[in-house]
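Each remark here refers to the structure printed beneath this line.
The values are calculated or read from the model by the stated rules, or taken from the named source; none is laboratory data. Predicted, not measured: the structure shown is a model, and the values here were computed from it. All Cβ positions, glycine included, derive from the backbone under ideal geometry; neighbour counts span all protein chains shown.
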Amino acid sequence: MFPIHDDTDRIHGRPYVNYTLIAINAIVFIWEIKVTGFFTNEQTVAEIFSNYGVIPRFLLSGDLVSVITSMFIHGGIAHIAGNMVFLFVFGDNIEDRFGRIKYLLVYILWGLLAAFIHSIYAINSGSGGIPAVGASGAISGVLGAYLIMFPRAKIFTVIVAFFITSIRIPALAFIPFWFVLQIVFAVMGSSGGGVAYFAHIGGFAVGVGSGYIWKLLSGHNIGGRLPPVTKSNVIRKERPSIEDAAPQISPEIIEGPDFYEIIAEIRGVANSSNIQANYEPDSGNIRIIAMGSRKYDMLVKLPDTAINPKIKYIHYLNGIARIHLTK
């Protein structure tokens with residue numbers, strides 16, 4: 001199974017940190033190809049892995065720098081291609097939610113903790129001198145956090161067996177299936193020679209934990225579920241004829257340095273042209289009206305700091321409307 005992309009829409013623009021991580025990995029891999037003759041010079045390959053990979057017994061003695069360098073070294077084209085595809089598909093949304101700086105920090109933290117977990121296993125299994133390379137531990141952390149933060153996402157996946165086809169697989173199925181495979185490979189004793197399945201397992205576990213911590217600290221409701229309706233931020237006017245059609249849903253208001261963005265779940269609408277939003281200066285509310293198989297008529301209370309905001313655009317994808325307003 002090869003993930004191609006997901007259906008989770010980003011809110012805060014392009015994921016430049018994620019793009020940079022992919023670019024650095026690609027540049028380092030080109031250097032590896034050049035100095036090793038496309039990995040034909042086994043002595044040079046061994047030297048690179050020993051110098052820049054994580055050697056468990058050295059890491060547990062305090063060699064933290066090797067964790068950073070190992071995260072950008074890969075053992076072949078299949079190794080880097082698989083890692084970068086997963087990072088491209090899942091990393092952008094994690095950066096979007098954490099923010100660029102925090103994403104970079106947790107990415108490194110996931111790689112560090114994954115390396116420690118692998119090293120503890122390797123020492124106990126007698127392979128403490130074998131270097132491990134690759135970004136898999138950190139990317140496993142990305143997958144763990146994604147599972148908690150976007151469980152309702154659909155992953156567009158290419159399946160190659162006796163035939164080639166593409167399907168949409170829920171993240172709740174795709175990522176746990178991947179994780180089960182890592183456990184199976186680890187139990188089969190495949191954790192050696194730079195393939196650190198216990199790093200995958202450890203990275204995934206700390207990623208899941210990070211996702212839950214983010215959920216608790218940020219107050220966000222995960223996976224597209226919006227917070228419960230409260231009188232403080234939403235005044236809803238339901239039309240009696242559609243009371244059952246439009247469920248009680250509370251939009252989320254995001255405030256940026258020069259904008260507000262209202263994120264609302266609106267089902268049964270073909271596209272953004274079926275959604276209208278107007279600012280009511282007397283009340284300070286944004287009125288959202290949507291027409292489709294379901295009809296919505298809601299008032300969203302902006303923060304008291306909002307003074308005559310302007311509606312810049314309305315974006316709609318997969319049942320989620322984003323109303324962007326400039327301050």
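In summary, Gly62 fulfils each of the numbered conditions (1) in contact with a helix residue (DSSP H, G or I) (Cβ under 7 Å, 6 or more places away or on another chain); (2) at pLDDT below 95; (3) exposed (fewer than 14 other Cβ atoms within 10 Å of the Cβ) with the single exception of condition (1). The set of residues from the stretch 264-306 being among the hydrophobic types (A, V, I, L, M, F, W, C), surrounded by 17 or more Cβ atoms within 10 Å (Cβ to Cβ) and either in a strand (DSSP E or B) or in contact with a Ser or Thr (Cβ under 6 Å, 6 or more places away or on another chain) (or both) comprises Ala264, Ile275, Ala277, Ile286, Ile288, Ala290, Met298, Val300.
Residues considered: Ile123, Ile94, Ile130, Ile183. Of these, the only one that is modelled with pLDDT of 95 or more, in the same structural domain as Phe49 (by TED's automatic domain parsing) and not in a strand (DSSP E or B) is Ile94. Considered as a group, the residues in the stretch 65-78 that are touching a Phe, Trp or Tyr at 6+ places or on another chain (Cβ under 9 Å) and assigned to a helix (DSSP H, G or I) include one that is surrounded by the most Cβ atoms within 10 Å (Cβ to Cβ), and that residue is Ser70. Taken together, the criteria place Ala115 among residues that are assigned by TED's automatic domain parsing to the domain that holds Ser70 and either under 17 Å from the mean Cα position of the chain (by Cα) or surrounded by 19 or more Cβ atoms within 10 Å (Cβ to Cβ) (or both).
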